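The structure appears right after this line, and notes come after that.
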Amino acid sequence: MISKKMNAALNNQVNAEMFSSNLYLSMSAWFSERSLTGFANWMRVQVEEEQFHGMKIYDYILERGGSVSLGSIDKPESNWGSPLKVIKDVAKHEAKVTALVNDLVDVALEERDHAANIFLQWFVEEQVEEEASVGEVLDKMKMIGDDSAGMFAMDMELGKRVFTPPSS
């Protein structure tokens, strides 16, 4: 059985994941409106990943006999000055999510909830991958600068990304 404190912390994380999904969907729309369909696709894959994360936690709460309590989701930003600004905001947001996951692990350790700790290790590893992925895109965006040919090439590259649900 899951403790009330762990249950509440996991419910908060479900909401955080759904906010991330909405934020990334807003970013995808911003890119689409500027005919940067590859960037829009990359963000849509991020949307699917965040929804997957939220549902993974949702299912875990129920599996452990907890209670799911969904809260309202704040309206995300919808306007950015440049593609680089969007990617910088993604990097900043992923760092915030990493901190939230680390806080969840802390709660699991405080509550001596070994099952939750093991479950959350998947998210710890996932955040390492998320930050590395957006970091790579950010580094390339900085190299491109205002070069339209570079932006076109980057858009083509990001358009190849597809969502593959993790096996675990």
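The values are calculated or read from the model by the stated rules, or taken from the named source; none is laboratory data. Just so it is clear, the model here is predicted, and its values are computed rather than measured. A quick note on method: Cβ atoms are made from the backbone with ideal geometry, for glycine too, and the neighbour counts reach across all protein chains shown.
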Task: Members of region 16-47 found to be under 30 Å from HIS114 (Cβ atoms) and out of contact with any helix residue (DSSP H, G or I) (no Cβ under 8 Å at 6 or more places or on another chain), listed by number - done: PHE19
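Look at ALA115 and say whether it is among the hydrophobic types (A, V, I, L, M, F, W, C), modelled with pLDDT of 95 or more and over 15 Å from the mean Cα position of the chain (by Cα).
yes
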TODO: Report whether or not ARG34 is among the basic types (Lys, Arg), in contact with a Ser or Thr (Cβ under 7 Å, 6 or more places away or on another chain) and closer than 25 Å to MET156 by Cα.
DONE: no
Open item on the list: Among (1) without any contact (Cβ under 8 Å) to a residue 60 or more places away in the chain; (2) touching a Lys or Arg at 6+ places or on another chain (Cβ under 7 Å); (3) under 21 Å from ALA16 (Cα atoms), there is one condition VAL124 misses while meeting the rest; what is its number?
Closed with: (2)
- [ ] Tell me which residues, restricted to region 1-15, are assigned to a helix (DSSP H, G or I) and β-branched (Val, Ile, Thr).
- [x] VAL14
Open item on the list: For the condition in contact (Cβ under 8 Å) with a residue 24 or more places away in the chain and among the small types (Gly, Ala, Ser), what is the one hit in GLY159, GLY150?
Closed with: GLY159
- [ ] From the list GLY135, GLY81, GLY71, GLY159, pick out the single residue that is more than 17 Å from the chain's Cα centre (by Cα), surrounded by 13 or more Cβ atoms within 10 Å (Cβ to Cβ) and either at pLDDT 95 or above or at negative phi (or both).
- [x] GLY159
